[in-house]
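The values are calculated or read from the model by the stated rules, or taken from the named source; none is laboratory data. Everything numeric in this text was worked out from a predicted model, so none of it was measured. Reconstructed Cβ throughout: ideal geometry from the backbone, glycine too, with neighbour counts over all protein chains shown.
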2 protein chains.
Amino acid sequence: MSTETLIEPPLQDADALIADMGGRARAAAKIMATAPTAKKAEGLRAAAAQLRGQADAILDANARDMTAGEANGLTSAMLDRLRLDAGRLGGIADAVEAIAALPDPVGAEVDRAERPNGLVLRRVRVPLGVIGIIYESRPNVTADAAALGLMSGNAVILRGGSEAVRSNRAIHAALAAGLSEAGLPAEAVQLVPTQDRAAVGALLRAQGLVDIIIPRGGKGLVARVQDEARVPVLAHLDGICHTYIDAAADPDTAVALAVNAKMRRTGICGATETILIDRAYAAPRAIVDALVAAGCEVRGDTDIAALSPHVTPASATDWDCEYLDAIVSIAAVDGVAGALAHIDAHSSRHTDAIVTEDAAAADRFLAEVDSAIVMHNASTQFADGGEFGLGAEIGIATGRLHARGPVALEGLTTYKWLVHGTGQTRP
Amino acid sequence: MSTETLIEPPLQDADALIADMGGRARAAAKIMATAPTAKKAEGLRAAAAQLRGQADAILDANARDMTAGEANGLTSAMLDRLRLDAGRLGGIADAVEAIAALPDPVGAEVDRAERPNGLVLRRVRVPLGVIGIIYESRPNVTADAAALGLMSGNAVILRGGSEAVRSNRAIHAALAAGLSEAGLPAEAVQLVPTQDRAAVGALLRAQGLVDIIIPRGGKGLVARVQDEARVPVLAHLDGICHTYIDAAADPDTAVALAVNAKMRRTGICGATETILIDRAYAAPRAIVDALVAAGCEVRGDTDIAALSPHVTPASATDWDCEYLDAIVSIAAVDGVAGALAHIDAHSSRHTDAIVTEDAAAADRFLAEVDSAIVMHNASTQFADGGEFGLGAEIGIATGRLHARGPVALEGLTTYKWLVHGTGQTRP
């Protein structure tokens, strides 16, 4: 296999390219919007079968991406994210089948009311329309973001990273073939055919053509998308999550939750980055020791640093830092009010937790913390669509509008009002 | 009373002004977010009492706006929108009290689930945060938009039109005094203190400070806001609403709905602008005649023009025109499919209706029309928050995200996830 060069014709007009794709996506979205659940599920199962049937072509394309990536000096972490093998590809097909089995939100009645004049009003869920997904090197996103978008009755326009371009094209071809086989429009899933970044800019500006943009990837990508987009964006930039240990916390629970919330997996957005300990809590040292014993670097304020020689002093920037690593910052605070003030100043409003046996303290914390997810006596690592029973997730949103927290099928829908009359005129 | 000049210091830094107001609004929003329903209602009732108690000052301020407006050559329609009298001001106070009596969406449980590991997940409604309201010459908007925003637990930043500046300041002072009297933060309702348009630009760009912008006014205002805003906007630009008369329509119902939908009030966004008549419908002439008899100018395509000498030929632009007047365009179409194609091409996705006794035709129309409101055998003039039982409305949204159709208290909230655990760690 040679390290081929990827030849692309120069992009003449990014807006025209996206307008054309968007128009075709809109037409496909109209068909997807009223496709029965069974038909959408059939399309996804056919897509999964195509992923399995075209495994050789997909793995070959991925091998060429890997060769190019090595030649281009990708880090081993990036190469690992890029790499597919038979097992990983089987997992991707399994995930598509699992999404096909999820309950369909489309058509569900949100509420219903009858007016004194006899009009019956119903709000029912309908798809958002056309979803743009912009992602980086993981080729599995091509399949699972597409599957979530399609199962919720939308059309999707995918724009993956240049490192994975051959893999993404091969996976996309399998998905499109599956949809066609099931009698659904292949154009409900389109892949931007160029790696020219001007196409991303055009997608971000495509108001009226694209209903929502979902960026999947690192902070640089999300920040660029949030900054440039005129189309609404569903995403989170940071996951600066807090676990607050209240004076009334059970000591064993406190240690277990602190260690799990920080250390179970340090690289996920729901990992706790800062632990707040009530000055009135009896056993702060045990928390520090358990974290140190688990291999965590502890950076503390003056009170915390005094507890153990293993604590290094935290600097001012530590309180706004998403380490995504085995590092934690710990601050002493004065009760729930102190925790609320710290969280208000430093949280990225993703997930924050309180550990306490005091119901009143928990109620106040849950009521006043203004984050997408607020937890009592649970690990912030549960912040995940699968753990929330949504079956999957397309991401976690920290914005305030439309959808907050883990977003899966329902978050990819909106509603319309249906009014059933018998000839009523308005007086 | 003299026609005074309104002296304003020049605006040095619009972004700094809005940042300062936004920061104070955010602090007030935190208090409003957890204020009990009874306290918010008390604040609004006190505000209504202040509006009544300060009637002389408000009516005097309004008289000065009227004098200035006459001197500046405002049209009689604009002067009528601007004018307050004791009756109108009483109506404004009544509306604030009515909003105080509405059910509070904040804290309502959207859904609840228990996971196999014992975690209990609840989604509960919380306020959006800080709402910016940009409006034109009607001073009543100052009170009713503020009341809706406050009752749903938000802080509001108001920016009214320059013609109404004195009236708005007087009404705002009454509202702020009412909040203070009830022990709520007066800064939960702020009025932009300058008419410099740079302040509007700063408000539209105030991401992170303002959570949503709601423009209330004519198409020029809404278009400018939608074009410039980086903050999400809830609004509708056009109300190009359709009533489709199916072959299976009851003729009396068809005439009654066509006339009511078009002519009850021609200036509202839910007024029908285009009537589509199935070529297979038996009595199209009666619809045309009834509209003509009601004083409506009828512009028709070739088929419709052949029905009556009172029909003038429609031009291509008529199908995309929001007349807001006693003018209607009528097109003949081939059944539901023809109506769907016309609506897809020309509807502003506000409200569209079908008139038919054929349940299958109605079902198809309701399923396939992609508008915020879709009606069967009812007048499009019912498109209104009050008529929908919402108690009021801050506007009607034709965007697809967050809230669609009439928006009242619930549309000014979002949700957060509350997770109740007993020490669960994630495996």
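Here residue A:203 meets each of (1) assigned by TED's automatic domain parsing to the domain that holds residue A:275; (2) closer than 17 Å to residue A:17 by Cα with one exception, condition (1). Does residue B:312 fit the bill of being assigned by TED's automatic domain parsing to the domain that holds residue B:371, over 22 Å from residue B:363 (Cβ atoms) and modelled with pLDDT of 95 or more? Here the answer is yes, as residue B:312 does meet what is asked.
Would you check if there is a residue in segment B:329-341 being more than 9 Å from chain A (Cβ to nearest Cβ), assigned to a loop (DSSP other than H, G, I, E, B) and surrounded by 23 or more Cβ atoms within 10 Å (Cβ to Cβ)?
Checked against the condition, which is being more than 9 Å from chain A (Cβ to nearest Cβ), assigned to a loop (DSSP other than H, G, I, E, B) and surrounded by 23 or more Cβ atoms within 10 Å (Cβ to Cβ), segment B:329-341 yields no hits at all.
No other residue among A:61, A:47, A:25, A:41 is small (Gly, Ala, Ser), surrounded by 19 or more Cβ atoms within 10 Å (Cβ to Cβ), closer than 30 Å to residue A:210 by Cα and touching a Gly at 6+ places or on another chain (Cβ under 8 Å) apart from A:47. Tally time: how many residues in segment B:169-189 are in a helix (DSSP H, G or I) and either closer than 14 Å to residue B:49 by Cβ or not charged (D, E, K, R) (or both)? Going through segment B:169-189 one residue at a time, the tally reaches 14.
The residue of segment A:294-313 that is surrounded by the most Cβ atoms within 10 Å (Cβ to Cβ), among those that are of a type in the set (A, V, I, L, M, F, W, C), in contact with a helix residue (DSSP H, G or I) (Cβ under 8 Å, 6 or more places away or on another chain) and not in a helix (DSSP H, G or I), is A:298. Among the residues examined, residue B:285 qualifies as assigned to a helix (DSSP H, G or I) and basic (Lys, Arg). Applying the criterion of being hydrophobic (A, V, I, L, M, F, W, C) and surrounded by 24 or more Cβ atoms within 10 Å (Cβ to Cβ) to the residues of segment B:241-261, the residue that is farthest from residue B:394 (Cα to Cα) is B:249.
Quick check: anything in segment B:251-269 in the same structural domain as residue B:329 (by TED's automatic domain parsing) and free of Cβ contacts under 8 Å to residues at least 12 places away in the same chain? Yes, because at least one residue in segment B:251-269 is in the same structural domain as residue B:329 (by TED's automatic domain parsing) and free of Cβ contacts under 8 Å to residues at least 12 places away in the same chain. Restricting attention to segment A:200-216, the residues being over 15 Å from residue A:141 (Cα atoms) and either of a type in the set (Ser, Thr, Tyr) or buried (at least 21 other Cβ atoms within 10 Å of the Cβ) (or both) number 9. Could you run through segment A:74-89 and say how many residues are of a type in the set (D, E, K, R) and modelled with pLDDT under 95? Looking only at that region, the number is 2.
On the given criteria, is residue B:255 under 30 Å from residue B:337 (Cα atoms), among the aliphatic types (A, V, I, L, M), assigned to a helix (DSSP H, G or I) and within 10 Å of chain A (Cβ to nearest Cβ)? Even if it seems obvious, please write down each step before you answer.
Details: under 30 Å from residue B:337 (Cα atoms): yes; among the aliphatic types (A, V, I, L, M): yes; assigned to a helix (DSSP H, G or I): yes; within 10 Å of chain A (Cβ to nearest Cβ): no.
No.
Listed here are the strands (runs of 3 or more DSSP E) enclosed by segment B:348-427 that have at least 2 residues being more than 7 Å from chain A (Cβ to nearest Cβ) and closer than 30 Å to residue B:154 by Cα: B:395-397, B:405-407. Screening residue A:325 on (1) surrounded by fewer than 23 Cβ atoms within 10 Å (Cβ to Cβ); (2) under 30 Å from residue A:144 (Cβ atoms); (3) in contact (Cβ under 8 Å) with a residue 12 or more places away in the chain; (4) within 12 Å of chain B (Cβ to nearest Cβ) shows it passes everything except condition (4). From the list A:29, A:57, A:48, the one residue that fits, being aliphatic (A, V, I, L, M), under 23 Å from residue A:193 (Cβ atoms) and in contact with an Asp or Glu (Cβ under 9 Å, 6 or more places away or on another chain), is A:29.
If only residues of segment B:270-293 that are touching a residue at least 40 places away in the same chain (Cβ under 8 Å) and among the charged types (D, E, K, R) are counted, the one that is surrounded by the fewest Cβ atoms within 10 Å (Cβ to Cβ) is B:279.
Restricting attention to segment A:65-101, the residues that are in a loop (DSSP other than H, G, I, E, B), of a type outside the set (Gly, Ala, Ser) and free of Cβ contacts under 8 Å to residues at least 60 places away in the same chain total 3. Go over the candidates B:224, B:230 one by one and state the one that is among the charged types (D, E, K, R), outside any helix (DSSP H, G or I) and either in contact (Cβ under 8 Å) with a residue 24 or more places away in the chain or not assigned by TED's automatic domain parsing to the domain that holds residue B:336 (or both). The match here is B:230.
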